[in-house]
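The structure appears below as structure tokens.
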Amino acid sequence: MRLYDYPGAPNPRRVRIFMAEKGVEIETIRVDLAVKEQFSPAYRAINARCLVPTLVLDDGTAIDESVAICRYLEEVFPEPPLMGVDARDKALVEMWQRRMELDGLAAAAEALRNSAKGLQGRALVGPHGYEQIPALVARGKARLVDFYADLDARLAESAYVAGDRFTIADITAFVTIEFATSRMKLGFAPALRAIARWRAMVEARPSMRIQSAI
Ligand SMILES: N[C@@H](CCC(=O)N[C@@H](CS)C(=O)NCC(=O)O)C(=O)O
């Protein structure tokens, strides 16, 4: 297997953390987003959507979408389970992971991609070239504030995002917070004590310190 990756990007980071939690090592190939290598003919031949991460299996099958990659790894390397253990639990983990992605990561991306000068004409990832809409910056930021409030309420009643065990939902939430804080200075307010409690616990996991090998 080969993983196409870029060190500074949040979505590949989700997959790297997931792999580290499972103790899985995969050959990693850098796609340099800083020089728009994702649009090169060579990478388009691997993934016509021009985004990372992409996992290429030994039979040549290419899988993109971070959660689809994690799903594959969960099936091949089931221990420890990070996507639920029975029907009810799997549904709840998926629900919380989707909430973290749609309410959190997508909100942060909306604010960043509609404001960053380097992303002009690329407000959405992919090959189609959408223009920025400046009004979406304020909306993305407002959505992020709501995301933090909702997450704090959830973590006031639950040890981890999806229940009493660390899962992929925690990975998405953690990476979202790191991304919003480092790239946009949009961290959560100190008054959100439940997030602070959870963040300290998650940050202490060795997988969170794993950097890309490339
Ligand atoms: N929904 C996709 C999103 C992937 C994505 O947004 N990748 C970003 C890096 S975090 C990318 O490839 N950006 C390329 C670009 O900005 O042109 C996933 O979950 O993997």
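Where a number appears in this text, it was derived from the coordinates with a stated rule and is not lab data. Note that the coordinates shown come from a computational prediction; the quantities given were computed from them, not determined experimentally. Neighbour counts are summed over all protein chains in view; Cβ atoms, including those assigned to glycine, are modelled from backbone coordinates with ideal geometry.
Computed quantities for the displayed model
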| quantity | calculated |
| --- | --- |
| Label zone at Ala34 (point 7 Å along Cα-to-Cβ), backbone N below 18 Å, the range 167-186 | 182-184 |
| Computed P(r) (all Cα pairs; the range 1-118; 10 Å bins; percent) | 12, 41, 35, 12, 1 |
| Taking the C-alpha atoms of the range 48-88, convex hull volume expressed per residue in Å³ | 88 Å³ |
| Electrostatic dipole magnitude of the chain [Cβ: Lys, Arg +1; Asp, Glu -1; Cα centre; debye, to 20] | 840 debye |
| Sequence of Met19, Met208, Met100 once ranked by neighbouring C-beta atoms within 10 Å, starting from the fewest | Met208, Met19, Met100 |
| Pair Gln211, Ala62: separation of 7 Å Cα→Cβ label points (nm) | 2.9 nm |
| Hydrodynamic radius (Kirkwood) for the range 51-116, which is based on Cα pairs only, to one decimal in Å | 13.7 Å |
| Kirkwood Rh and Cα Rg combined as Rg over Rh, evaluated for the chain | 0.96 |
| Members of Lys36/Lys141; Lys90/Lys141; Lys117/Lys185 lying beyond 21 Å, as alpha-carbon distances in this model show | Lys36/Lys141; Lys90/Lys141 |
| Within a Gaussian network of the chain (alpha carbon springs, distance under 10 Å), most fluctuating of Ala142, Ala153, Ala200 | Ala200 |
| D (Stokes-Einstein, µm²/s), Kirkwood Cα radius, the range 15-74, 0.692 mPa s at 37 °C | 268 µm²/s |
